[in-house]
Amino acid sequence: MLSCDPPAKKNVSPTEILADSTFDTHSYSNTDEIRTKHLHLDLDVNFEGKTIYGVARHEMINKGTDTAIFDIKGLEIQKITIGKGDEKETDFMIGQWDKDSILGQPLLVKITPETKYINIYYETTEKTEALDWLEPELTTGKKHPYLYTQGQAILTRSWIPVQDSPVNRITYSANVKVPKDLMPVMSASNPTAKNDRGIYEFSMEQPIPCYLIALAVGNLSYRKLGSNCGVYSEPEMINACAYEFADLPKMVRTAESIYGKYLWEQYDLIVLPYSFPFGGMENPRLTFVNPTILAGDRSLVSVVAHELAHSWSGNLVTNATWNDFWLNEGFTVYFENRIMEQLYGKDVSDMLMLVETHELHAEMDEILQGENPEDTKLKLALAGRNPDDGMTQIAYVKGALFLKTLEQTVGRKRFDAFLNSYFNEFSFKTISTERFVDYLDSKLLEPNKVQFNTKEWIYEEGLPKNCIQIRSTRFEEVQQLADRFIGGEDIFKKKIKYVKIKGRKRKKKVVEQLTRDRYITQEWQAFIRRLPRNIGKDNMKRLDAYMNFRDWGNTEIMTEWYVLGIENGYNDLRPSIEKFLMKIGRRKYLMPIYKALAKKKEDKEWAKTIFYKARSNYHYVSCKTVEEILGVKVKS
Ligand code: BES
Ligand code: ZN
């Protein structure tokens, strides 16, 4: 019998075909008619004026249209030419802003059906949302300025005119000019030392969606950590970075042993200034991370496992639109947890998952009671809204729990075989939720005759009843400890134990005093979360006196503690909270702290004064979030 399968498309490079017709409501571009195949950037980074002068040279695949549409937001377009070598100026038109200024503006360029090369000459403005320009005092070294970009979800269009939809993949190259005392790095092949000219060349040869184009410029040094991995940071931090990320080579090998070869050659990290709005961002070949993950004890490296996992889920197999965001993040949290399990054991990975599951439940309740309960579905409907609204624990943790429940149902062996073939089949492609559901049915569920409530998980609100239950005896122990403290027991009391010395003599020894290193970060988090929300100032004071949670140094613990303190009117914490909010711009921490402060009038006023002082150290995305929480508008 003849096979009915369509001919294998394997030989067709994904850069040679037009994007599929998936409609992306967050981009104006007409990628189904014409699309960028390769982008070359000529960039001149100007710190005095805080602008980038750029030429975006797009090499297109053109189906025969006479108009190419790009996305721009707050960019000044100087001129547009067509052709390579022999460039001719052409007409263009900039369309209206959308109602809530989320998408920016369409840039329509007049071309001919034969046009292949479009060159856009432009300059970024102070309205750019992707770029964070930092004065020297906001860096660790305090001598040099710093610049970094954040592209996801739709901010790339605010520093480069592009067809800013994840449905399209491009390769890119760049020539970047920077002041001579600084070094630029990108999500591409990178320099490891400064040169005398201040001009650097980059190339990214694997096709990527535009949200992964990234640039950082600063006084950077590099430390190699393994044959294909290392870390960039300001020189003042490089030793701390090398210590914290010593397991990086092992992590890369571990990830490869689970879902196949790492296809991006190099895997480096760059530790940015504290203002970076995320814990990590999976820019290919060069993950961007926030220095808050330098806890000093390697206890927050799961963020790196997460960003590394994106090298498969997200960067290799990419969500087709932002409504399919859970395909990026849910798979990544699942994979992150597998890496952590293999490296540090199942009790550690279970604790990590439990901490996140707890956050999922809290956020799920909040969303279900809010204006958009449909945001608790995995498949989102974000047309007309900011795609960042989809960045909730639903995509991350409900997504991961869905995969974990599937794994439990079919067994790890079959599930891994399925995921391996998934990453293989869709590598360097985009995928929609619907396509994934088909693939899951035909490759995993039907062949194994498994019934599964996939549709309920993906298209319905809330958490299905068959969700996997994770338990941790280590958590139960710290939770009991918290209960004993609340019950009035002095859990910090030194206990005296008698130990035998040389077989006969008994000697007193002080043991069992509760110290910080008795538990890992996630256990302390579970301890704090177990405390009653109305624990009272005196109890908090007592805990602070022994444990010094307020200045713990670990930002996960500190944030939990500050929120509890604010809820209990424990104002002794204010100096520590102020210091924290002035230094750190990571949204995950700013959000719960400012939200807790916004609940009481007096706290809110105090929070506003802090925010006005701190905001120059926050990236646009964090600024916007805090403005919404406090109901103020200060940065447009
Ligand atoms: N890709 C995300 C960050 C992101 C998502 C930026 C959507 C903009 C829009 C990144 O991989 C991420 O998830 N970071 C997390 C860390 C992680 C361990 C959950 C973060 O920064 O909190
Ligand atoms: Zn992620």
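What follows draws every value from the coordinates through simple rules; no lab data is involved. Being a predicted model, the structure only gives us computed values, none of them experimental. Neighbour counts run over all protein chains shown; Cβ positions are idealised from the backbone, glycine included.
What the table below lists for this structure:
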{"item": "Shape category assigned to segment 418-538 from the gyration tensor of Cα positions, a/c cut at 1.5", "result": "prolate"}
{"item": "Relative contact order (%) - the chain, alpha-carbon pairs under 8 angstrom, separation at least six", "result": "10 percent"}
{"item": "The chain, helix-only ellipticity at 222 nm - DSSP H runs n ≥ 4, -39,500 (n - 2.57), divided by all residues, nearest 500", "result": "-10000 deg cm²/dmol"}
{"item": "Separation between Cα centres of segment 343-413 and segment 422-447, rounded to whole Å", "result": "20 Å"}
{"item": "Cα-Cα over 21 Å, subset of LYS224/LYS250; LYS99/LYS633; LYS50/LYS579; LYS224/LYS583", "result": "LYS50/LYS579; LYS224/LYS583"}
{"item": "Long-range amide H partners of LYS37 with built H, under 5 Å", "result": "GLU59, MET60, ILE61"}
{"item": "Burial order of peptide ranges 443-449, 307-313, 237-243 (average beta-carbon count within 10 Å, highest first)", "result": "307-313, 237-243, 443-449"}
{"item": "Packing rank of 167-177, 134-144, where each peptide gets the mean count of other beta carbons within 10 Å, highest leading", "result": "167-177, 134-144"}
{"item": "Dipole magnitude of segment 530-636, debye to nearest 20 (Cβ charges: Lys/Arg +1, Asp/Glu -1, about Cα centre)", "result": "340 debye"}
{"item": "Which of PHE527, THR124, ILE170, positive extreme of dipole for the chain (C-beta unit charges)", "result": "PHE527"}
{"item": "Estimated distance in nm for a label pair at ASN228 and GLU578, the labels positioned 7 Å out from Cα along Cα-to-Cβ", "result": "5.0 nm"}
{"item": "The chain - Rg (one decimal) and Dmax (whole number), Cα, Å", "result": "25.7, 97"}
{"item": "Centroid-to-centroid separation of segment 280-307 and segment 42-98 [C-alpha atoms, Å]", "result": "34 Å"}
{"item": "Inter-label distance for ALA383 and ARG518, nm, one decimal - labels placed 7 Å from Cα along Cα-to-Cβ", "result": "5.7 nm"}
{"item": "Sites ILE501 and GLN408, calculated FRET efficiency, Cβ-Cβ separation with R0 60 Å, nearest 0.05", "result": "0.75"}
{"item": "Segment 411-568 - charge dipole about Cα centre, Lys and Arg +1 at Cβ, Asp and Glu -1, debye rounded to 20", "result": "2000 debye"}
{"item": "Most to least packed among 35-43, 600-608 [average Cβ atoms within 10 Å]", "result": "35-43, 600-608"}
{"item": "Positive-end residue of PRO249, TYR232, LEU406, charge dipole of the chain with Cβ unit charges", "result": "PRO249"}
{"item": "D (Stokes-Einstein, µm²/s), Kirkwood Cα radius, segment 556-635, 0.692 mPa s at 37 °C", "result": "268 µm²/s"}
{"item": "Whole-number percent relative contact order across segment 72-149, with pairs defined as alpha carbons under 8 Å at least 6 apart", "result": "32 percent"}
{"item": "Segment 235-250 and segment 522-601: distance between their alpha carbon centers, rounded to Å", "result": "28 Å"}
{"item": "Simple spin-label estimate for PHE23 and THR473 in nanometres, 7 Å along Cα-Cβ", "result": "5.6 nm"}
{"item": "Kirkwood Rh, Cα atoms: Rg over Rh of segment 185-288", "result": "0.95"}
{"item": "Axial C-alpha extent at least 24 Å, average Kyte-Doolittle at least -0.5 - helices from the chain (DSSP)", "result": "325-344, 346-369"}
{"item": "Gained length - TYR243 relative to GLN369, 0.36 nm times residue gap less alpha-carbon distance", "result": "41.0 nm"}
{"item": "Cα pair distances exceeding 20 angstrom across segment 490-636, given as percent", "result": "55 percent"}
